[in-house]
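Written out below as structure tokens is the structure these notes cover.
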Amino acid sequence: MQGWATDHPILEAATLARIIVITSGKGGVGKTTTSAALAMGLAQRGHRTVVIDFDVGLRNLDLIMGCERRVVYDFVNVINQEANLNQALIRDKRCDNLYVLPASQTRDKDALTKEGVGRVLEELAHGYDFIVCDSPAGIEHGATMAMYYADDAIVVTNPEVSSVRDSDRMLGILSSKSRRAESNEEPIREFLLLTRYDPARVEKGEMLSVDDVQEILSLTLIGVIPESKSVLTASNSGVPVVLDRESDAGKAYADTVARYLGDEVPHRFLQVEKKGFLKRFFRG
Amino acid sequence: MGLLDYFRSSRPKGSANVAKERLQILVAHDRTQRGRPSYLPKLQQEILEVIRKYVEVDMNAVSVKYEQEDSHEVLELNIVLPDTAEGRI
Ligand SMILES: Nc1ncnc2c1ncn2[C@@H]1O[C@H](COP(=O)(O)OP(=O)(O)OP(=O)(O)O)[C@@H](O)[C@H]1O
Ligand SMILES: [Mg+2]
């Protein structure tokens, strides 16, 4: 898995896939939501993409992607060579470029071996442009397996103390325990994705602002996803929220995908939406 | 204080600032721990045992500081001896 280029990673991806890990340390911050949205967004922009659920025992990605009833074989079956990749990969019905590799529901977490994961990623790297790895919470085995082979990491963070702290710990792990770190290659590119952002609470001083979090973590900001009802609506029906073009979260994820692909897109939804008279009154 | 002033001045007082300050301290501390070699706690323990053969010092008498500079690492040992001669065995 060579082919590292700092300036134009996308051009290089013609040969081998870029591996992106969606990670956080803390649970429930929006990793799976982000994995589904990013994978769908990349695929819609014409890139062959596979999204892998590393959350062995607690598989959820298939639900968020809306393909839970089509799961036959899973990631662990492929690692154990009980099924081949073609049998386990589920092609998305909405987008031809997108495939899902589900996690297994029952097996123990040690089923993900470094060699096994490496073998599967290597095989996928030849057929795809992007491999998105949805990491489980924590800093244990599953999470370290999800990030080990990564080229890029998107650190999903909520504007909240424990999430920010855990993200920082994750950064330490990315820079010391990954394949790139161990083999002294260029380090993993790390990006901050701030999710569940509530500008109204930020304005009231009740919530850490984008600037606060960035100042603490000093990472490249790839996107800010607002707290949005559309996320639940999307997960209820198994549609990655990026497909909801009307919603703020959907637009924010689409912007994030564009930025990842190198477009310059200004950040949106950082301010409270102007609501006419009252708003103007208080802002002077 | 007018209504507008109230809204303006309420901003820096919010709990978000407390969160930020706490995080800055915490993250800075976490980061200094991060690059430390894993043998440090054991090293500290053994040095303490050797010192205690000769001088009665308490558990916190030995501190080990590890710092990474551009081209080299510094290991700083700090041993606090008791100020009276009574400590000698
Ligand atoms: N921007 C958002 N606005 C509102 N709700 C959100 C947002 N992002 C995520 N959520 C909600 O937060 C919950 C957790 O999201 P998700 O499952 O994506 O997190 P996770 O990090 O994958 O969790 P885990 O660590 O358990 O794998 C879900 O109920 C989801 O709907
Ligand atoms: Mg998840």
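The values are calculated or read from the model by the stated rules, or taken from the named source; none is laboratory data. Computed from a predicted structure; not experimentally measured. Every residue, glycine as well, gets a Cβ built from its backbone with ideal geometry; the counts of neighbours run over all protein chains shown.
Within 16 Å of ligand 2 (Cβ to nearest atom) and surrounded by fewer than 23 Cβ atoms within 10 Å (Cβ to Cβ) - does that describe any residue in segment A:185-196?
Yes: one or more hits.
Taking segment A:56-83 as the region of interest, how many residues are in a helix (DSSP H, G or I), β-branched (Val, Ile, Thr) and more than 16 Å from ligand 2 (Cβ to nearest atom)?
Going through segment A:56-83 one residue at a time, the tally reaches 3.
Out of curiosity, is A:Val21 modelled with pLDDT of 95 or more, within 23 Å of A:Met170 (Cβ to Cβ), of a type in the set (A, V, I, L, M, F, W, C) and within 16 Å of ligand 1 (Cβ to nearest atom)?
Against the criterion (modelled with pLDDT of 95 or more, within 23 Å of A:Met170 (Cβ to Cβ), of a type in the set (A, V, I, L, M, F, W, C) and within 16 Å of ligand 1 (Cβ to nearest atom)), A:Val21 qualifies.
Do you know which residues across segment A:34-55 are away from ligand 1 (no atom under 14 Å from the Cβ) and under 26 Å from A:Pro226 (Cβ atoms)?
Answer for segment A:34-55, where residues must be away from ligand 1 (no atom under 14 Å from the Cβ) and under 26 Å from A:Pro226 (Cβ atoms): A:Gly41, A:Leu42, A:Ala43, A:Gln44, A:Arg45, A:His47, A:Thr49.
Just to be sure, is B:Ser63 under 30 Å from A:Val213 (Cα atoms) and not in a helix (DSSP H, G or I)?
Judged against the criteria, B:Ser63 is not a match.
Using the structure shown, decide if B:Val57 is assigned to a loop (DSSP other than H, G, I, E, B), among the hydrophobic types (A, V, I, L, M, F, W, C) and either modelled with pLDDT of 80 or more or in contact with a strand residue (DSSP E or B) (Cβ under 7 Å, 6 or more places away or on another chain) (or both).
Spelling it out, B:Val57 is indeed assigned to a loop (DSSP other than H, G, I, E, B), among the hydrophobic types (A, V, I, L, M, F, W, C) and either modelled with pLDDT of 80 or more or in contact with a strand residue (DSSP E or B) (Cβ under 7 Å, 6 or more places away or on another chain) (or both).
Just wondering, is there one or more residues in segment A:168-184 that are among the hydroxyl-bearing types (Ser, Thr, Tyr) and within 16 Å of ligand 1 (Cβ to nearest atom)?
So far as segment A:168-184 goes, no, none of its residues is among the hydroxyl-bearing types (Ser, Thr, Tyr) and within 16 Å of ligand 1 (Cβ to nearest atom).
Among (1) modelled with pLDDT of 95 or more; (2) under 30 Å from A:Thr113 (Cβ atoms), which single condition is A:Ser183 missing?
Every listed condition holds for A:Ser183 apart from (1).
Would you be able to say whether some residue in segment A:142-157 is away from ligand 2 (no atom under 16 Å from the Cβ), outside any helix (DSSP H, G or I), touching a Lys or Arg at 6+ places or on another chain (Cβ under 7 Å) and within 18 Å of A:Ala36 (Cβ to Cβ)?
yes
Show the residue pairs meeting these rules: Cβ distance below 9 Å; 6+ apart or different chains; first residue within segment A:112-139 and within 14 Å of chain B (Cβ to nearest Cβ); second residue within 15 Å of ligand 1 (Cβ to nearest atom) and in a loop (DSSP other than H, G, I, E, B).
Within 9 Å, the pairs are A:Ile139/A:Gly25.
Would you please list the contacts, defined by Cβ atoms under 7 Å and residues six or more apart or on different chains, that run from a residue in segment A:196-216 that is more than 7 Å from chain B (Cβ to nearest Cβ) and closer than 17 Å to A:Arg268 by Cβ to a residue that is surrounded by fewer than 17 Cβ atoms within 10 Å (Cβ to Cβ) and not β-branched (Val, Ile, Thr)?
So the pair list comes out as A:Pro199/A:Leu270; A:Pro199/A:Gln271; A:Val210/A:Leu270.
So which residues in segment B:65-89 are under 28 Å from A:Met170 (Cβ atoms), modelled with pLDDT under 85 and in contact with a strand residue (DSSP E or B) (Cβ under 6 Å, 6 or more places away or on another chain)?
B:Lys65, B:Tyr66, B:Glu67
Restricting to segment A:84-112, what's the tally of residues that are closer than 18 Å to A:Leu38 by Cβ and part of a loop (DSSP other than H, G, I, E, B)?
8
Kindly indicate whether A:Leu58 is surrounded by fewer than 20 Cβ atoms within 10 Å (Cβ to Cβ), within 16 Å of ligand 1 (Cβ to nearest atom) and not acidic (Asp, Glu).
Criteria met by A:Leu58.
Among the residues of segment A:197-221, write down those that are surrounded by 21 or more Cβ atoms within 10 Å (Cβ to Cβ), within 16 Å of ligand 1 (Cβ to nearest atom) and either over 18 Å from the mean Cα position of the chain (by Cα) or more than 8 Å from A:Pro159 (Cβ to Cβ) (or both).
Result: A:Val202, A:Met207, A:Leu208, A:Val213.
Of the conditions (1) away from chain B (no Cβ under 14 Å); (2) surrounded by 20 or more Cβ atoms within 10 Å (Cβ to Cβ); (3) farther than 20 Å from A:Gly25 by Cβ; (4) not basic (Lys, Arg), A:Val239 clears all except one; give me its number.
Checking A:Val239 against (1) away from chain B (no Cβ under 14 Å); (2) surrounded by 20 or more Cβ atoms within 10 Å (Cβ to Cβ); (3) farther than 20 Å from A:Gly25 by Cβ; (4) not basic (Lys, Arg), the one that fails is (2).
Starting from residues that are more than 14 Å from chain B (Cβ to nearest Cβ) and surrounded by 16 or more Cβ atoms within 10 Å (Cβ to Cβ), keep the ones in segment A:158-184 and report whichever is nearest to A:Thr34 (Cα to Cα).
If we take residues in segment A:158-184 being more than 14 Å from chain B (Cβ to nearest Cβ) and surrounded by 16 or more Cβ atoms within 10 Å (Cβ to Cβ), then A:Ser178 is nearest to A:Thr34 (Cα to Cα).
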